[in-house]
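**Q** This structure is in structure tokens; I'll ask about it shortly.
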Amino acid sequence: MKTSDFPIFTVKNEPSDSEVTSHKLMIKSGMIRKVSSGQYNWLPLGYRVLEKIKNIIREELNSIGCREILMPIVQPSELWRESGRWDKYGPELLRFKDRHDREFCFGPTFEEVVTDLIRQDLSSYKQLPINVFQISTKFRDEIRPRFGVMRAREFIMKDAYSFHTDSKSLDDTYNKYKNAYNEIFKRLMLDFTMVDADSGNIGGSESHEFHVIADTGEDEILLDESLNGMNTEIAIKKFNETDVKKIIEKTGMKLKKGIEVGHIFKLGKKYSEAMNVRVSDKDSKLKTVHMGCYGIGVSRIVAAAIEQNYDEKGIVWTDSISPFKVVLIDIDSQKNEDIKNYSEKIYSNLISKNIDVIYDDRDLNLGKKLTDWELIGVPNMLIVGNKETEKEKLTYKNRATDEKEEVPLNFLDDKRFKN
RNA sequence: CGGGGUGUAGCGCAGCUUGGUAGCGCGGCUGGUUUGGGACCAGUAGGUCGUAGGUUCGAAUCCUAUCACCCCGACCA
């Protein structure tokens, strides 16, 4: 990729309508632009990060036998009436009518639709368990959207659903998701923790939340020394104590702020009962299936990752979700053909090695290019100017450490550039 | 929804108290000098001052209504 066909939209001035670091940096680096409160456009740079996160999630879910599907965002009220949530779900559910005066809602979550989908073709226990997921836009009409994509009304979420003949099978699958989630957040290179949680609006028996630890988090969680913990709602119930301070005294746990990026639930029969999802079991009797559901806030992860990884110059992407692995920066290539040729040669070399590179071929001086890429946060920089061209070398610069060194051409084989 | 605040050029802001037809910085464009960390000089484009109404000879400025956005809270995965 070259900047000549990959538009860079960095801005210098501090955006006036954002307070939180991740939001500011996403605007300044040109990842997102606001459409209206809680709704954002994703520019090529931001979208690339989203895609990297999605792919990690895909790979890990595929590895536990979960298959990708896609469901419509606009959902008919009938299904929601069937589950009973048309009336129970609050004003976060955006409702509207079509031209025939039929009622619909914009999907905040997909239990109804997926349950309906699966039940149509489900008849035997032999078909179970079934695991499906989708990565799609969700809409929740938040009371107050805030902090950019951290708490948006329209956002991207991965939601997975599982169907089982019995609770034992649900337990097994639930644990698989737990492990998969741990793998996902490890690969995203985030400082995260899993805590016991309340199943809230979604319903069900058991639930865990995955939090990225960050001071700007909106949730409070209690953690012990080995980072096991629970959210404060659960703690209040568990210790029958309304004052969180007293719980801390009693248990020695620490209060931390977290950004909820994942939530898994054992739904049990809540939806399958309401929506009559049954299979013939071995004894040829009809049994109501057990269900689980498993969410990850994909767009929220982008903000959370930035909250954990930035400095005074801008974003410092972790390796796995950086929009690019390396940026190639030339100096004066517009004026010096030798430099241009040498830079192009390095670029083709990187491309042939299948390295995720962006070549900044803009006619700008070094300072401006570096400032942009430090703001954008690509972890590795390769600089090519007159000096490098003459010596047939490269200058490598590390975004996080700021270290700069002259390196030979075979440095391109370094493992830090590999996917 | 309650409280607080902001809407003026692409972005960030000043001007409003004390009405007289809009200005600064950054960015853009053109030309030139530069060029290993945001360079300089000269020129140039760009705004019905959120919207609607009112007061006035005259409104960015005063009055009324309305919309949008931000922050705190309640609430929420």
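The values are calculated or read from the model by the stated rules, or taken from the named source; none is laboratory data. Note that this is a predicted model, so its numbers are computed, not measured. Don't worry about glycine lacking a Cβ; one is built from the backbone with ideal geometry, like all the others, and counts go over all protein chains shown. Side chains included, ligands, DNA and RNA excluded: accessible areas come from the protein's heavy atoms. Shrake-Rupley method; radii C 1.70, N 1.55, O 1.52, S 1.80 Å.
**Q** Nearest 10 degrees, 0 to 90: what angle lies between the long axis of helix A:337-352 and the longest principal axis of chain A (Cα atoms)?
**A** 30
**Q** Moving on to the next point. What part of the accessible area of segment A:11-311, given as a whole %, is carbon or sulfur when the probe is 1.4 angstrom? Provide the component values of the computation, followed by the final result.
**A** Working: 6420 of 13830 Å².
Answer for segment A:11-311 is 46 percent, counting heavy atoms of protein chains only.
**Q** Carbon and sulfur: what percent of segment A:326-417's accessible surface (1.4 Å probe)?
**A** Details: 1900 of 4250 Å².
The nonpolar share, carbon plus sulfur, comes to 45 percent.
**Q** Okay, next question. Expressed as a rounded percentage, what relative contact order does segment A:140-221 have, with Cα pairs under 8 Å and six or more residues apart? Each step should come with its number before you reach the end.
**A** Working: 48 pairs, mean separation 12.9, N = 82.
Computed value for segment A:140-221: 16 percent relative contact order.
**Q** On to the next question. What are the ³J(HN,Hα) couplings of segment A:265-282, residue after residue, when phi is run through the Karplus curve with 6.51, -1.76, 1.60 and θ = phi - 60°? Round to Hz, x for glycine and proline.
**A** Calculated HN-Hα couplings, in order: 10, 8, 7, x, 9, 3, 8, 5, 6, 4, 10, 6, 9, 10, 10, 6, 8, 3 Hz.
**Q** Around A:ASN182, with a cut-off of 12 angstrom between Cβ atoms, what is the net charge of the other residues, counting Lys and Arg +1 and Asp and Glu -1? Working shown, then result.
**A** On the way: positive: A:LYS176, A:LYS178, A:LYS186, A:ARG187; negative: A:GLU60, A:GLU183.
It works out to a net charge of +2.
**Q** Given the alpha-carbon gyration tensor of segment A:326-417, what are the semi-axes of its equivalent ellipsoid in whole angstrom, ordered largest first, with each equal to the square root of 5 times an eigenvalue? Walk me through the numbers on the way to the answer.
**A** Values: eigenvalues 60, 52, 30 Å².
Square roots of five times the eigenvalues give 17, 16, 12 Å.
**Q** In nm, give the distance between the simple-model label positions of A:PHE96 and A:LYS238, each being 7 Å from the Cα along the Cα-to-Cβ direction.
**A** Label-label distance for A:PHE96 and A:LYS238, simple model: 4.2 nm.
**Q** A further question on this structure: If you stretched the chain out fully between A:ASP283 and A:GLN39, how much longer would it get, using 0.36 nm times the residue separation minus the C-alpha to C-alpha distance?
**A** Values: separation 244, 0.36 × 244 = 87.84 nm, distance 5.13 nm.
Separation in residues times 0.36 nm, less the Cα-Cα distance, equals 82.7 nm.
**Q** Okay, moving on. Around A:VAL407, which amide H atoms from residues at least 5 apart in sequence, or from another chain, sit under 5 Å from its own amide H, with H modelled in the peptide plane?
**A** So A:VAL407 has HN proximity to A:LEU394, A:THR395, A:TYR396.
**Q** Sticking with this one: Which shape class applies to segment A:188-249: rounded if a/c is under 1.5, otherwise prolate when a/b exceeds b/c and oblate if not, where a ≥ b ≥ c are the square roots of the Cα gyration tensor eigenvalues? Each step should come with its number before you reach the end.
**A** Working: a/c = 1.82, a/b = 1.16, b/c = 1.57.
Oblate is the answer for segment A:188-249, as a/c is 1.5 or above yet b/c matches or exceeds a/b.
**Q** Give me the distance between the Cα centres of segment A:15-70 and segment A:334-397, rounded to whole Å.
**A** Using only Cα atoms to place each centre, the spacing works out to 27 Å.
**Q** Between A:ASP402, A:ASP319, A:ASP283, which gets the highest mean-square fluctuation from a Gaussian network model of chain A, Cα cutoff 10 Å?
**A** Of A:ASP402, A:ASP319, A:ASP283, the most mobile in the Gaussian network model is A:ASP283.
**Q** Using a/c under 1.5 as the rounded threshold, could you call segment A:131-267 rounded, prolate or oblate? The axes a ≥ b ≥ c are square roots of the C-alpha gyration tensor eigenvalues, and prolate needs a/b larger than b/c, oblate otherwise.
**A** Working: a/c = 1.59, a/b = 1.20, b/c = 1.33.
Judged from the Cα gyration tensor, segment A:131-267 comes out oblate (a/c at least 1.5, b/c at or above a/b).
**Q** Taking K and R as +1 and D and E as -1, what net charge do the other residues with C-beta under 12 Å from the C-beta of A:GLU344 add up to? Write down the numbers at each step before the final one.
**A** Details: positive: A:LYS2, A:LYS340, A:LYS345; negative: A:ASP330, A:GLU337, A:ASP338, A:ASP361.
Around A:GLU344, the charge tally is -1.
**Q** Sequence-distant or interchain residues sharing an amide H contact under 5 Å with A:GLU241, placed H: which?
**A** It is none; the list stays empty.
**Q** According to the square roots a ≥ b ≥ c of the eigenvalues of the Cα gyration tensor, what is the shape class of segment A:222-364, taking rounded for a/c under 1.5, prolate for a/b larger than b/c otherwise, and oblate for the remainder?
**A** On the way: a/c = 4.67, a/b = 1.79, b/c = 2.60.
Note, shape of segment A:222-364 comes out oblate.
**Q** In addition: Can you tell me the 0 to 90 degree angle between the C-alpha axis of helix A:44-63 and the longest principal axis of chain A, rounded to 10?
**A** 50
**Q** How many Å² of accessible area per residue for chain A, probe 1.4 Å? Show your work: numbers first, answer last.
**A** Details: 19290 Å² over 419 residues.
Per residue, chain A has 46 Å² of solvent-accessible surface.
**Q** Compute the long axis of helix A:298-308 from its Cα atoms, compare it with the longest principal axis of the Cα atoms of chain A, and write down the angle in degrees, 0 to 90, nearest 10.
**A** 50
**Q** With the Cα gyration tensor of chain A in hand, give its eigenvalues times 5 under a square root as the equivalent ellipsoid semi-axes, listed largest first in whole angstrom. Could the numbers behind the result be given before it?
**A** On the way: eigenvalues 397, 114, 94 Å².
Equivalent ellipsoid of chain A: 45, 24, 22 Å, largest first.
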